[in-house]
1. Of all residues in region B:161-176, how many are more than 15 Å from the chain's Cα centre (by Cα) and buried (at least 24 other Cβ atoms within 10 Å of the Cβ)?
2. Report yes if some residue within region B:163-177 is assigned to a loop (DSSP other than H, G, I, E, B), hydrophobic (A, V, I, L, M, F, W, C) and in contact with a Phe, Trp or Tyr (Cβ under 8 Å, 6 or more places away or on another chain); otherwise report no.
3. Among the numbered criteria (1) assigned to a strand (DSSP E or B); (2) under 12 Å from B:PHE263 (Cα atoms); (3) over 10 Å from the mean Cα position of the chain (by Cα), which one does B:THR139 miss?
4. Hey, which of the helices (runs of 4 or more DSSP H) in region B:213-300, taking only ones fully inside, have at least 1 residues that are within 25 Å of A:GLY163 (Cβ to Cβ) and of a type in the set (S, T, N, Q)?
5. Having 3 or more residues that are crowded, with 20+ Cβ neighbours inside 10 Å and out of contact with any Cys (no Cβ under 6 Å at 6 or more places or on another chain) is the bar; report the strands (runs of 3 or more DSSP E) wholly within region B:1-70 that clear it.
6. Looking at region A:84-104, which of the residues that are buried (at least 21 other Cβ atoms within 10 Å of the Cβ) and part of a strand (DSSP E or B) is farthest from the chain's Cα centre (by Cα)?
7. Just one of (1) in a helix (DSSP H, G or I); (2) modelled with pLDDT under 95; (3) closer than 30 Å to A:GLY160 by Cβ trips up B:THR156, so point out which.
8. Which residue out of A:PHE246, A:PHE291, A:PHE239 is within 14 Å of chain B (Cβ to nearest Cβ) and more than 19 Å from the chain's Cα centre (by Cα)?
Protein chains: 2
Amino acid sequence: MKKNNKIAVGIDIGGTNTMLGIVDLSGSFLYENSFMTAGFGHLDDYIDCLGKLVEEGIKALGKGYEIEGIGIGAPNGNIYKGTVEFAPNMPWEGVLPIVKKLGKIRKEKIVLANDADAAAIGEMIYGGAKGMRDFVVTTLGTGLGSGFVANGTLITGHDGFAGELGHVIVDPFGRVCGCGRNGCLERYVSANGLKSTVCELLSETKAKSALSSVVNDGLTAPMITEAARKGDKIALKAFEYTGEIFGRKLADVVAITGPEAIFITGGLAGAGDLLLIPTIKHMENNLMNVFKNKVKILLSSLGGNAGVLGAAALVWKNAQVGDH
Amino acid sequence: MKKNNKIAVGIDIGGTNTMLGIVDLSGSFLYENSFMTAGFGHLDDYIDCLGKLVEEGIKALGKGYEIEGIGIGAPNGNIYKGTVEFAPNMPWEGVLPIVKKLGKIRKEKIVLANDADAAAIGEMIYGGAKGMRDFVVTTLGTGLGSGFVANGTLITGHDGFAGELGHVIVDPFGRVCGCGRNGCLERYVSANGLKSTVCELLSETKAKSALSSVVNDGLTAPMITEAARKGDKIALKAFEYTGEIFGRKLADVVAITGPEAIFITGGLAGAGDLLLIPTIKHMENNLMNVFKNKVKILLSSLGGNAGVLGAAALVWKNAQVGDH
């Protein structure tokens, strides 16, 4: 068996969909599939389906491959325990022992991590962070996730819950957050945060905006992005505000961990320069002199595959995610 | 030669004094000395004196010891370059190539790091962080320094300047900081920060305080501590305010790096519970649920020896400070 026939199974568990891919060391997809996470009553049935899909994928490849393991990225995933814990958007409540349950039907090594941590490892193995030893990945979707790498190793923290940049406080009297506190960063810098900002701006202004005719619930980040691209002032102001808050907090992040680069991935990364330009401007304005014009803010190059690639990367990078 | 005869030279360079110690693996001092940093016109003369003192110390010990190396902790020390860069309180300006210059007169391995990073390594080797893999050390003196350890390794960052917790922003329109920006944490949480808070409180109140008779320049943190211990309301309020700001920012730190413990050292640590109690209260109030009642806030047990022990520890822990 050749060494370059090594493959890894990557599973990206989201609240809505579960994506599965089998990839090689270069990041090429040999197999892809997906199904709805929410379509199962009991967790055991979900795990059963997941196991079968892994089996299907491996069968479809045929012989001649060496399976290194199964990597799983999931919201609120705990790398030390192999669990998903109290994830607000998952169909099941409490502590979900995903690795233990999947391990009963699959013999391969299984590694589970927080989805943003998986994204960080994915960026290191397959993306723009190749060769970097100190960087941060932020995932801007419904919320804001983050994975920190220092000295080439993921910062998992004492309990496996490090990297919650989305929950540093912007304003202790600010917007209510799903975590039960007020003013968390993800309530400002995320797809949902951007929507809240637009709603606030619309309520404060008499200016015309293409977005004022949309009911709140129907408003989406892509709509705001499109409006901003057409020059809508409210939409542009919302991106400026988002970038200001993000930039300020990234300056704090730089002071603490001194990264070479900060990557942005997730749905809101699709806004590109609309988000990047104000974020970079406000970060630079707030950096200590010693860090100015040194830290790169980059969009992830992995796009929609980041979740599965990140999960698969956990298998290759198992030794680099800390040993507690 | 016995293995337990290994010794390290620790040098703690401060803006005012330079302390030197020769210590063994257990942290016992075999030799101690100090001299004024500011007593030299040219850096070369200072380095010359430093080299001679190292020579003196080693001679004083006699034979039978194996010198592992020389560790140096210094403000704005850069571990990758062996330099002290733009340290506002040092007698010399710009970039000071300490390791290069000392290396010309001493043949031992020399490691130089930021003083707060050295304190973190010292805490890991000799202090309360023994056996911990994820922790933070904060040094509260004139300013606020910090050293972060994740996965058992110091976070030095891409350029060697990570760990500047003293310069995360509390209030972008707040107190002017020596770094050229406004509202940095160290302007609130440090001996000087505490003094500023007392001055602000005195200007706002008509209440009597033992501190109102002290001219601003003469006010010291120990005076404020003493007044607080006697029940002075302004002094107590100043500690409460300091703890509130510190606690909030430590909650952010926990969200990012998820440490097992946060140590407090430096002059202001002498205030003990006056500082600890409000800091813990406000940190806990601002922590995400997943971190509540888990993170220890501890005073360093190394006391006044922390600087030299931390510097010496750099020698033993050389492999644990990242390799860039």
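The values are calculated or read from the model by the stated rules, or taken from the named source; none is laboratory data. Worth saying up front: this structure is predicted, and the values here are computed from it rather than measured. Virtual Cβ from ideal backbone geometry, glycine too; neighbours counted across all protein chains shown.
1. Going through region B:161-176, the residues more than 15 Å from the chain's Cα centre (by Cα) turn out to be B:168-176.
From what is left, the residues that are buried (at least 24 other Cβ atoms within 10 Å of the Cβ) are B:168.
Going through region B:161-176 one residue at a time, the tally reaches 1.
2. Yes, there is a match, as at least one residue in region B:163-177 is assigned to a loop (DSSP other than H, G, I, E, B), hydrophobic (A, V, I, L, M, F, W, C) and in contact with a Phe, Trp or Tyr (Cβ under 8 Å, 6 or more places away or on another chain).
3. Failed condition: (3).
4. Where helices (runs of 4 or more DSSP H) fall fully within region B:213-300 and carry at least 1 residues being within 25 Å of A:GLY163 (Cβ to Cβ) and of a type in the set (S, T, N, Q), they are B:233-257, B:273-286.
5. Working: elements: B:6-13, B:17-24, B:29-36.
Output list reads B:6-13, B:17-24.
6. A:LEU96
7. Result: B:THR156 fails condition (1) only.
8. After ruling out the rest, the residue left standing is A:PHE291.
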